[in-house]
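Everything on this sheet refers to the single structure shown next.
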Amino acid sequence: MFDGTLTTTLKEASDLTRLRDVYDGLLTRPPVEPSEAAIAELAAMARIFDLDADRPAAEVWRDLRAVLMRQAAPAEAADGGPISDIPPLTIMVVEDDPAMASDLVDVLVEAGHGVVGPFPDGASAATAAGLHAVDLALVDINLAGDGDGVALARTLKDSWGVPVMFLSGDVAAAALHARLAAALVLKPYGRRDVLTAIARAVGSGAVGA
């Protein structure tokens, strides 16, 4: 639910710990370099948070680490402050948690966006993408049932040219598949997190408006 008071789950804390295990060596003296694949994933994830990835990996991880830690921590005022105005979009919602899906729809409609869905699985969402003009899809990265969020993101991008914003409590999976995403919001999240991520994706040109 979008109350801005949810705490980080043990699963999320574990995911953050795994990422720190991979990348914190960059911040030590002497630095410990991760694999080339890990460096590529780091750069991809940095870009969807609108961070400059064309810097030394240690600088990128320092900034990205701060963003991840801040977003995964309990929010004291998650819905306060201004959010950049953007033109109305048509946004697909793919979320298998009914309460979360309902809240997402309410937030988007209140912000002036049109909504396609919500859909609880990748199969129904992929079918709908062929029937509707969609500007952006909000996709739970770990969908239950017929196909996961990663497979759906590939289908939406490759078949229909629809950019995807991942909704994820699985930080490690989000890092691994960051190159598929125009934006990322970590669970638990508030209204401001969602709308700010959409505005950032539009502002960067990853999502047309």
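Filter the stretch 85-119 for residues that are aliphatic (A, V, I, L, M) and under 16 Å from ARG200 (Cα atoms) and give the result.
Selection gives ILE86, LEU89, ILE91, LEU108, ALA111.
Please tell me if ALA126 is in contact with a Ser or Thr (Cβ under 8 Å, 6 or more places away or on another chain), modelled with pLDDT of 90 or more and part of a helix (DSSP H, G or I).
Yes; evaluated as a whole, the condition is true for this residue.
Hey, among the residues in the stretch 79-94 that are over 19 Å from LEU131 (Cβ atoms) and surrounded by 14 or more Cβ atoms within 10 Å (Cβ to Cβ), which one's modelled with the highest pLDDT?
Of everything passing the filter in the stretch 79-94, ILE86 is modelled with the highest pLDDT.
Please give the number of the condition TYR189 fails out of (1) outside any loop (DSSP other than H, G, I, E, B); (2) out of contact with any Lys or Arg (no Cβ under 7 Å at 6 or more places or on another chain); (3) within 18 Å of ILE141 (Cα to Cα).
Every listed condition holds for TYR189 apart from (1).
With SER102, SER159 as the choices, which residue is part of a helix (DSSP H, G or I), touching a residue at least 24 places away in the same chain (Cβ under 8 Å) and surrounded by fewer than 16 Cβ atoms within 10 Å (Cβ to Cβ)?
Of SER102, SER159, the one residue that is part of a helix (DSSP H, G or I), touching a residue at least 24 places away in the same chain (Cβ under 8 Å) and surrounded by fewer than 16 Cβ atoms within 10 Å (Cβ to Cβ) is SER159.
Against the definition (among the hydrophobic types (A, V, I, L, M, F, W, C), surrounded by 21 or more Cβ atoms within 10 Å (Cβ to Cβ), modelled with pLDDT under 80 and under 15 Å from the mean Cα position of the chain (by Cα)), how does ALA175 come out, yes or no?
Criteria met by ALA175.
The values are calculated or read from the model by the stated rules, or taken from the named source; none is laboratory data. In this text the structure is predicted, and so the values were computed from the model without any measurement. Cβ coordinates were reconstructed from backbone atoms using ideal geometry, including for glycine residues, and neighbour counts include every protein chain displayed.
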